[in-house]
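Read the structure below first, then the notes.
The values are calculated or read from the model by the stated rules, or taken from the named source; none is laboratory data. Owing to the predicted nature of the structure, the values given are computational and were not obtained by experimental measurement. All Cβ positions, even for glycine, are placed from backbone atoms using ideal geometry, and neighbour counts span all protein chains on display.
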Ligand SMILES: Nc1nc2c(c(=O)[nH]1)N[C@H]1C(S)=C(S)[C@@H](COP(=O)(O)O)O[C@H]1N2
Ligand SMILES: [Mo]
């Protein structure tokens, strides 16, 4: 990883608030977007607190010019029903959640089923910085500098069998540690999500273990969560303990809970309204004016080909 002097920091970084700079203070600023795996140990602590040496992004915007959403909003306004239905309360309720020790079981229709330790995963697959737009189905959005690696790297390790057509992801089920699983007992816990195999193998599809150059905090899905930037945020399942290759399309928690409102694909689509609200515009957190929602959240060039000849009204 290349170390850069403060004098060499790109002018874009001046957007950073003093607080955000202090997160990386006394530290190495990430000059390159790819952080080498050998620099990971000790960098990404389980709680995000032991990150004295954490780098911070040198970029201030996504490729369309959208400014990064401040760290405080990304870590203080969350959807994570295992802890609270109140977005501004998730961070405090999840505050003591221990994401170590942690293993991720990868199995189902694969040649070499395995259980990975989270720290081995982070060392092995490393941390690439990806600045993605995040569009919640509720109509708000953020721009987030994730750290992680493409899911396809992990899938290559286990070798999907020819019969495997979908990937199913499962969140931890532990009501003692995730009080929402008790309090909101009406939901069909654990949280489950799924992707078609070609979606899972797309390079944009990320397994994230950090953001803003630090380890993921509990509220953002520590220690490992999915990020699929062209889909609504609910596909981005948090605190993953299981990944299974399967033959049939998984049925997600949201498909079970409200099948008429939440489908399997959940591609961001301004032309298809949610039954209870339009999806043609969104509120970017931190901005006064609503902005237009882009097809596939602005990633159409990269992913529209996955859905050629599909009726995206029917497959919502
Ligand atoms: N296990 C689990 N994963 C989840 C959720 C959840 O409630 N439980 N909420 C989803 C929704 S609706 C959104 S918008 C994103 C929010 O991610 P963030 O809080 O990191 O922005 O997480 C998604 N992943
Ligand atoms: Mo969401």
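What to note about this one:
- Residues (in a loop (DSSP other than H, G, I, E, B), out of contact with any helix residue (DSSP H, G or I) (no Cβ under 9 Å at 6 or more places or on another chain) and surrounded by fewer than 16 Cβ atoms within 10 Å (Cβ to Cβ)) located in region 60-89: 65, 88, 89
- Among residues of region 134-163, those that are away from ligand 2 (no atom under 16 Å from the Cβ) and in a loop (DSSP other than H, G, I, E, B), counted: 4
- Scanning region 267-278 for residues being in contact (Cβ under 8 Å) with a residue 40 or more places away in the chain and touching a strand residue (DSSP E or B) at 6+ places or on another chain (Cβ under 8 Å) gives a total of 2.
- Here residue 75 fulfils each of the conditions (1) more than 12 Å from ligand 1 (Cβ to nearest atom); (2) modelled with pLDDT of 95 or more; (3) within 13 Å of residue 143 (Cα to Cα) apart from (1).
- Of everything in region 279-290 that is in contact (Cβ under 8 Å) with a residue 60 or more places away in the chain and surrounded by fewer than 16 Cβ atoms within 10 Å (Cβ to Cβ), the residue that is farthest from residue 194 (Cα to Cα) is 286.
- Filtering region 111-133 for residues that are under 30 Å from residue 283 (Cα atoms), in contact with a strand residue (DSSP E or B) (Cβ under 7 Å, 6 or more places away or on another chain), outside any strand (DSSP E or B) and within 16 Å of ligand 1 (Cβ to nearest atom) leaves an empty set.
- Odd one out for residue 209 among (1) within 16 Å of residue 104 (Cα to Cα); (2) within 16 Å of ligand 2 (Cβ to nearest atom); (3) crowded, with 22+ Cβ neighbours inside 10 Å: (2)
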